[in-house]
1. Just name one of 338, 275, 260: the one whose Cα is farthest towards the positive end of the charge dipole of the range 213-360 (beta-carbon charges, Lys/Arg +1, Asp/Glu -1).
2. Sort the following peptides by mean Cβ neighbour count (other Cβ atoms within 10 Å, averaged over residues), highest first: 209-219, 170-180.
3. Bin by bin, in steps of 5 Å, what percent of the Cα pairs in the range 239-312 do you find, going until the bin that has the longest distance?
4. Suppose a student asked you for the relative contact order of the range 213-360, using Cα pairs under 8 Å spaced at least 6 residues apart; what percent would you report?
5. Which of rounded, prolate, oblate describes the chain, given a ≥ b ≥ c as roots of the alpha-carbon gyration tensor eigenvalues and a/c under 1.5 marking rounded, otherwise prolate only if a/b is larger than b/c?
6. Normalised by the residues of the range 1-105, what does the relative contact order come to in percent, with Cα pairs under 8 Å and at least six apart?
7. Which trypsin sites (Lys or Arg not before Pro) in the range 244-300 pass both tests, a DSSP loop state and at most 13 other beta-carbon atoms within 10 Å?
8. Place a point 7 Å from Cα of residue 356 in the direction of its Cβ. Which residues in the range 294-319 have their backbone N less than 13 Å from it?
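Just so it is clear, none of the values below were taken in a lab; they were calculated from the coordinates. Predicted model, so just to flag it, every value in this text is computed and none were measured. Because the Cβ atoms are built from the backbone with ideal geometry, glycine has one as well, and the counts that use them run over all protein chains shown.
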Amino acid sequence: MLALGVRLLERGHDVIIETWERWRQYVEPAGMEFVPAPEYPVFPTEQEPIKPYEAVVYAAPITRRALVATRPDAVVHDILTLAPALAAELEGLPAATLVPHVYPVMAHGLPPYAVGARLPRTACGRAVWKALARPVGRGVERGRRELNETRIRLGLEPLERPYGGISDELTVVGTLPQLEYPRSWPPNVHVVGPLVWEPPYHEVSPPPGQDPLVLVAPSTAHDPDHRLLRAALRGLGSERVRVLAATNRRPLRTAVPVPANARLVDWVSYSRTMPACAAVITHAGHGTLARALTSGCPVVAVPHAGDMAENAARADWAGVGVRLPWRLLSPTSLRLAVARALSTPGLARRAAEIASWAAVHDGSTRAAELVESFARSRKGASRSTAQASSGT
C-alpha cells in the first residue's frame, strides 16, 4: 500500500492512507495524509477473542466516517481488510482490491490456495484436485454466507457471487506473473508485479571474503524461537559460504552462537543486500520472496505458517528455489538445501530472468496506472449519471 501510495503521489494525486498508528512515521514524511485505522488483532487470541467478521462490523463504521470526511474518488483496500470495502460501498464510492501475494481464488484444475501444493503434472493429479473441488467449494460457500451475514448487519444487500471481499471492478495482484499458475483470468484482475517498499536503512557490511553470500531473512511475524535462524547459523558454519543473518528486530530468547563465517544483525535493507547474494533463506513470506527474485536471487524456502507454503510451492514450481518443509528443518537439512540451491545453475538463471523482467515492469507504476484509470472512469460515470438525472 505504501508503494502504491508513493507512486500515486508522484503522479500528482492526493493520497490518504488509513492504517495502524505504527505506520504514521512512514506515511506523513512521504507527503501522504495519515488516518488512524481501528486496531484489533489480526488473529484472535484468548485475551482478545474478536473474530474476523466481528472485526469488520466494528471497523467499517469507523472507516466510513473517514470516507465521509475525505470523499475520495476511489478506495483501494487490502484483500485482508474488508471494512474499507464495505464502508466504501455504504458511501457509494468505487472500491478496488489490492492482493499483495499470489491470486487466492480457486480455479478449475488448480490446487486450493495455501495448501502448498504444486500445479499437477499428470491426469491423476488433476483428478485429485477435481475430486476435492466440491469440499473446498463448501468452504467457499460458508465464507460467502458469513460475509453476507456481515453485510446485512451493516445494512448492505447480500451477494450471490463467492469471494465477495474481492472487488469485481478492479483487483490488482501484486505478485510476479512467473509465480502464477496458468489459468483463465477475469477481465477485472491484473497481475502487475510486486509492489515493493521497505523502510529506509543504512548499508550493512557482510562477512569479509569471496565465498558466496547467503542471506538469512526470517519472518517478522512467525517463528518466535528463531528456529530457522539458529539452524542456518549452525548448519552453515563450516561451509564455504558467508552468512549474513538478521533477527528482524525480534528479541532472541537465548543466545545464538555465531560462527566465524557469519554476521548476525538486527536488520538489513533487502534492496541494498540481496543483489549481492547468491541465495536467500526465508520462511517464504511473499514480500521477502518477491524481493529476492526481483534481485535475481534463488531462494531456500522453509514455510512456517499462513500463505508461506503456497509461496514456497510457487517458487519450487517456477524453478527459482528449493523447498524445505518446516517439519524437516534441521541444521543438516538446511545445509543440504543451500548446497543444492548454490549448485543448481538453473535456479540462479531463472531468478535472473525474473529480475530482468521486473526491471522493466514496475508493479507499483502499473498498479497506480490502473487505480488512476479506475478512479477517473468511475468519476466520469458518476458525472454522466448526475447529468442524466438532472436532465442536462
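1. 260
2. Working: 209-219: 20.3, 170-180: 22.2.
Put in order of decreasing packing, that is 170-180, 209-219.
3. Reading upward from the zero bin: 3, 15, 22, 25, 22, 11, 2.
4. On the way: 287 pairs, mean separation 35.1, N = 148.
This gives 24 percent for the range 213-360.
5. Numbers: a/c = 1.83, a/b = 1.58, b/c = 1.16.
Taking the square roots of the gyration eigenvalues as a ≥ b ≥ c, the chain is prolate.
6. Relative contact order here is 17 percent.
7. Working: sites: 249, 253, 263, 272, 291; in loops: 249, 253.
Those satisfying the criteria are 249, 253.
8. Of the residues in the range 294-319, 296 have backbone N under 13 Å from the label point off residue 356.
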